[in-house]
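Visitor: Have a look at this one.
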Amino acid sequence: MKKVEKFVNKVYRLTGDRAPLSYMLPTRHTNRYPLLQFDEDSGTNRELRYSRNQKSVYVDEQDGNAILEPIVFEDGFLNVPKNNQVLQNFLTAHPLNGKTFIEINQEKDASKDLENLTIEVDALIEARKLDIDGLETVYRVAFGRDTSTVSTAELKRDVLVFAKLNPEEFLAVINDPELKFAATVQTFFDEGLLVKKAKGAIHFNTTKNKTRILSVPGGEDVNYYVGGWLKSDEGIESLKMLEKLLK
């Protein structure tokens, strides 16, 4: 039976684009650099201090022989061997953990990368399955543009690129009936069956009907707002008429 190793070497890096030749991390509590950790059991803030010759990172558990050592990131990285558990525990408890520096977790990072790649592949597969109507729906929702101005090749290319760069958003579009209906409403505008006028006014624009439907309040999404009205009891007959004209 394979022995499970409890202690491992760890690597930490500075966050963001910071990679100075050397960066010294605060190792003890001061007014300028408060190093405190809230204790849920006692309801108090416990002072942190790094000392390699101590067994604990808490000052109230250390003896009077604490020897302080600097913690220095070289070129943005810090390697901590498994035999220095005090430093690993100190870094875990440090208030700047997750802000100024993070632990590099290769297994966790690989799992996240795998998850992202799987979503991207799923999105690209679904994008390739789309017929012309599906491509137009995604295009209208993603880009808010009239599909009559682009070729089929451009549609396929742009939707595939959108799926690759924004896989989660793409999958949400093709699986959300509300988004699909919003694309249908956009088609009514693209085909000139509905028109937007001043102050958010929406009008019919058919051969026999130019009447005003409603006004979209500022800040509201036009397609969602108009779509909500079209699916209401008041607007359902207008929706049937528009869908008939669209065909």
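Coordinate-derived values only; no laboratory data. Here the structure is a predicted model, which means the values were calculated and not measured. Methodologically, a virtual Cβ is constructed for each residue, glycine included, from the backbone with ideal geometry; neighbour enumeration extends over all protein chains shown.
Visitor: Normalised by the number of residues in the range 1-92, what is the relative contact order in percent for Cα pairs under 8 Å and 6+ residues apart?
Guide: 38
Visitor: Which FRET efficiency value, to the nearest 0.05, is calculated for Lys240 and Thr149 with the Förster distance at 30 angstrom and r the Cβ-Cβ distance?
Guide: About 0.60, to the nearest 0.05.
Visitor: Please report the spacing between the Cα centers of the range 150-224 and the range 34-107 in Å, no decimals.
Guide: 54
Visitor: Below 24 Å, Cα to Cα, which lysines can Lys196 reach? Residues fewer than 8 away in the same chain don't count.
Guide: Straight-line reach from Lys196, under 24 Å: Lys180, Lys208, Lys210, Lys231, Lys240, Lys244, Lys247.
Visitor: Could you list Arg13, Arg18 in order of exposure, starting from the residue whose Cβ has the fewest other Cβ atoms within 10 Å?
Guide: Starting with the residue having the fewest Cβ neighbours, the order is Arg18, Arg13.
Visitor: Moving on. Calculate for the chain the 222 nm mean residue ellipticity that helices alone would give, adding -39,500 (n - 2.57) per DSSP H run of length 4 or more and normalising by residue count, nearest 500 deg cm²/dmol.
Guide: Value at 222 nm, helices only, nearest 500: -13000 deg cm²/dmol.
Visitor: Provide the packing ranking of 89-97, 19-27, i.e. peptides ordered by the mean count of other C-beta atoms within 10 Å per residue, highest first.
Guide: So the order, starting with the most tightly packed, is 89-97, 19-27.
Visitor: Any chance you could give the angle, 0 to 90 degrees and rounded to 10, that helix 132-143 forms with the longest Cα principal axis of the chain?
Guide: So the helix axis and the longest Cα principal axis differ by about 60 degrees.
Visitor: In addition: Rounded to the nearest 10 degrees, what's the angle between the helix 152-165 long axis and the longest principal axis of the chain, both from Cα atoms, 0 to 90?
Guide: 20
Visitor: Could you please tell me the mean projected area of the C-alpha convex hull for the range 10-104, averaged over all directions and given in square nanometres to one decimal?
Guide: The number I arrive at for the range 10-104 is 6.5 nm².
Visitor: Moving to a separate point now. Mind checking which lysines have their C-alpha under 24 Å from Lys55, skipping anything on the same chain fewer than 8 residues away?
Guide: Lys6, Lys10, Lys82
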